[in-house]
Amino acid sequence: MQAFTHHGGFVAPLDRSNVDTDAIIPKQFLTSIRRTGFGPNLFDEWRYLDRGVPGQDNSQRPRNPAFVLNLPCYRQSSILLARDNFGCGSSREHAAWALMQHGFRVVIAASFGDIFYQNSLKNGLLCIALAPDAIAQLFAHIGQAQVLQLMVDLPSQTVASADGALRFDFAIDASRKHCLLQGLDEVAQTLQQAEAIRAFERQHRAAFPWLAEASASAR
């Protein structure tokens, strides 16, 4: 996965609480066996005025002019701001994929659904939980200026506005931070121990040769 160290980007304000994963990527799009192509259907039921189906040409669909991601000033945003309990609901990993494939690298909210939070970090999407008053300050800043640019520094665990008016610290598990900084998904973490795994396999075969023979004969 792509490593995450620092990121600067514009913020899209999704002023909602309890955004569940079915809203992030509706269930009809989960039939794909690929891990790509979900970005155009992010927030599909809010973003478009018709019902989306897999494989259709989204460029021809009627868009909801009031939805935040359809507003010209937020179309290039790479940081999503929401209220509390973002990513609640089902455990679909597609929600993190859809956000990243749309172009988001960071989601900031007061709290997150636990499974969504873990899925996001495993895929390189940084989820930052800030206190409700900090979230309120960010929304208020957008309300005054309409456009807010934030700088996210993972090594120092800080979020700051480009104009220097706002700065917040955030917490993250040390092991998750390490994986993000190094761009390591779970497979890559395992492969770092490849030599130790091979050594164990050699020792195991030497200690229990009949298991290796039984396995070979079963093939």
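Here are the numbers for this structure:
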| quantity | calculated |
| --- | --- |
| Pairwise Cα inverse-distance average, inverted: Kirkwood Rh of the stretch 115-161 (Å) | 12.2 Å |
| Shape call, the stretch 59-151: gyration tensor on alpha carbons, a/c limit 1.5 | oblate |
| DSSP-defined antiparallel bridges as percent of all bridges, the chain, nearest 5 | 50 percent |
| Two-decimal ratio, the chain, of alpha-carbon radius of gyration to 2.2 N^0.38 Å | 1.24 |
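Rule-based calculations on the coordinates, nothing more; no lab input. Keep in mind it's a predicted model, so treat the numbers as computed, not measured.
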